[in-house]
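The values are calculated or read from the model by the stated rules, or taken from the named source; none is laboratory data. Quick caveat, the model's predicted, so the values are computed rather than measured. FYI the Cβ positions are ideal-geometry reconstructions off the backbone, even for glycines, and counts take in every protein chain you see.
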Amino acid sequence: MRLIELAIVFVLNLTLGPLALEAQPTAKIARIGYLAIDQAASPHLREAFLQELRDLGYIEGRNLVIEYRSAEGKSEQLPALAAELVALKVDVIVAPSTVAAQAAKQATRTLPIVSVAIPVTSGLVTSLARPGGNVTGLSFFSPELVGKCLEQLKLAVPAVSRVAALWQPGGQGEPTEKEMLKAAEVAARALGVRLQFVEARGPENFDRAFSEMTRARAGALTVLPSNMFISERRRLVDLAAKNRLPAVYPWREFVDAGGLMSYGLNVADLFRRAATYVDKILKGAKPADLPVEQPTKFELVINLKTAKILGLTIPQPLQQRADQMIE
């Protein structure tokens, strides 16, 4: 009798087993489009995004496919690349810069877009609290950031009277740029320093820009936020050192590359938090209902080795205020 029962079970397994396997739902594979101006410029930022996705359970090649598109520094190529991602019908587009997010929004009004750089004045969202469209993410800029950078620079170099401000026309969109420049002027007046705005539309303009600073006898430099600048941070840091200009930058990546000091957001943390937005959208949340996260914490990083090379002594109160000092 026992043999008969085992035979029945064996036959049932043979016949019903494949049906049971077919009945199991196939795990959904998430498809993400990643639209960057220059993907190779800051690989650690993309890795921060990917690591957070992994922590959330998304593994490339298993339940995640990422379609990467990079303009290789040529922002005019972004619209065509965004159109490619839309045609691939990805679930969500990640745009690590304002101009990339604007290109993506021009390409689609329905596919969700998560941006890592949404200035208040970008026009990407109706409001930060309720974006209202297909774009959400994180705001990387607030007007007071430019002024705060100048304040830190003045504390580090108390005797400075003329400061060069390097900015990229077209890098952030006209409304944001106007806001940045105005904030810089207001802060400079309050600090009693003369500000010299110097333009650099691309890396090919850097040598000319620093020559302008030298001719104007600038005693220090503040670099305004720009994706192109962070991509070219090592060259900017080298030029500042060559011209013996104490400089303050908007992100710590410049200080890690040898720059004097930075005051701003932790950009890698922004990329990590962007992954949480992607996760929410993949689980059914609507971008219109996900508030844009605004910056709340800024970090001051000082490179004491660079200060020594420049012959600077960083005042003790400023050192005590620093979140990190590189020696």
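Confirm whether Phe206 is modelled with pLDDT of 95 or more, over 19 Å from the mean Cα position of the chain (by Cα), of a type in the set (Phe, Trp, Tyr) and farther than 23 Å from Asn303 by Cα.
On the way: modelled with pLDDT of 95 or more: yes; over 19 Å from the mean Cα position of the chain (by Cα): yes; of a type in the set (Phe, Trp, Tyr): yes; farther than 23 Å from Asn303 by Cα: no.
No.
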Report summary line: Filter the range 303-327 for residues that are in contact with a Lys or Arg (Cβ under 8 Å, 6 or more places away or on another chain) and in a loop (DSSP other than H, G, I, E, B); the one that is surrounded by the most Cβ atoms within 10 Å (Cβ to Cβ) is Leu310
Query raised in the report: When the range 74-109 is examined, which residues are found to be part of a loop (DSSP other than H, G, I, E, B), among the hydrophobic types (A, V, I, L, M, F, W, C) and surrounded by 18 or more Cβ atoms within 10 Å (Cβ to Cβ)?
Result: Val90
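Would you confirm whether or not the range 292-302 contains a residue that is assigned to a loop (DSSP other than H, G, I, E, B), modelled with pLDDT of 90 or more and over 16 Å from the mean Cα position of the chain (by Cα)?
Our first condition is that a residue be assigned to a loop (DSSP other than H, G, I, E, B); within the range 292-302, this holds for 292, 294-298.
Cutting the leftovers down to modelled with pLDDT of 90 or more gives us 292.
Checking the rest, the ones that are also over 16 Å from the mean Cα position of the chain (by Cα) come to none.
No; the residues of the range 292-302 include none that is assigned to a loop (DSSP other than H, G, I, E, B), modelled with pLDDT of 90 or more and over 16 Å from the mean Cα position of the chain (by Cα).
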Query raised in the report: Among (1) crowded, with 22+ Cβ neighbours inside 10 Å; (2) of a type outside the set (A, V, I, L, M); (3) over 18 Å from Ala30 (Cα atoms), where does Pro112 come up short?
Result: (3)
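Please work out which residue is surrounded by the fewest Cβ atoms within 10 Å (Cβ to Cβ), limiting yourself to the range 178-209 and to residues that are among the charged types (D, E, K, R) and within 18 Å of Val157 (Cβ to Cβ). Reasoning before the result, please.
First, pick out the residues of the range 178-209 that are among the charged types (D, E, K, R): 178-179, 182, 185, 189, 194, 199, 201, 204, 207-208.
Still in the running and within 18 Å of Val157 (Cβ to Cβ): 189, 194.
Details: Arg189: 11, Arg194: 14.
Per the stated criteria, the residue is Arg189.
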Query raised in the report: What pairs can you find where one residue is in the range 50-79 and in the same structural domain as Arg273 (by TED's automatic domain parsing) and of a type in the set (S, T, N, Q), the other is at pLDDT below 95 and assigned to a strand (DSSP E or B), and their Cβ atoms are less than 6 Å apart, with a gap of 6+ or different chains?
Result: Ser70/Ala36
Report summary line: Inside the range 287-305, the number of residues satisfying the requirement of being in contact (Cβ under 8 Å) with a residue 24 or more places away in the chain and within 18 Å of Ser115 (Cα to Cα) is 9
Requested in this report: Select from the range 237-286 the residues that are in contact with a strand residue (DSSP E or B) (Cβ under 6 Å, 6 or more places away or on another chain), in contact (Cβ under 8 Å) with a residue 60 or more places away in the chain and in a loop (DSSP other than H, G, I, E, B) and list them in ascending order.
Outcome: Leu245, Pro246, Pro250, Leu260
Query raised in the report: Can Met228 be described as among the hydrophobic types (A, V, I, L, M, F, W, C), assigned to a helix (DSSP H, G or I), at pLDDT below 95 and out of contact with any Phe, Trp or Tyr (no Cβ under 7 Å at 6 or more places or on another chain)?
Result: yes
Requested in this report: State all residues of the range 187-240 that are within 18 Å of Gly259 (Cβ to Cβ) and either outside the structural domain of Pro158 (by TED's automatic domain parsing) or among the polar types (S, T, N, Q) (or both); if no residue qualifies, say none.
Outcome: Thr222, Ser226, Asn227, Ser231
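Out of everything in the range 128-167 that is among the polar types (S, T, N, Q) and touching a Pro at 6+ places or on another chain (Cβ under 9 Å), what residue ends up being farthest from Val86 (Cα to Cα)? Before you say what the answer is, go through the steps one by one.
Initially, the range 128-167 is screened for residues among the polar types (S, T, N, Q), giving 134, 136, 139, 142, 152, 161.
Pick out the ones that are also touching a Pro at 6+ places or on another chain (Cβ under 9 Å) and you get 134, 136, 139, 142.
Details: Asn134: 13, Thr136: 17, Ser139: 24, Ser142: 30 Å.
So, considering only residues that are among the polar types (S, T, N, Q) and touching a Pro at 6+ places or on another chain (Cβ under 9 Å), the one farthest from Val86 (Cα to Cα) is Ser142.
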Query - Flag if Val94 is assigned by TED's automatic domain parsing to the domain that holds Arg272, touching a Lys or Arg at 6+ places or on another chain (Cβ under 7 Å) and modelled with pLDDT of 85 or more - result: no
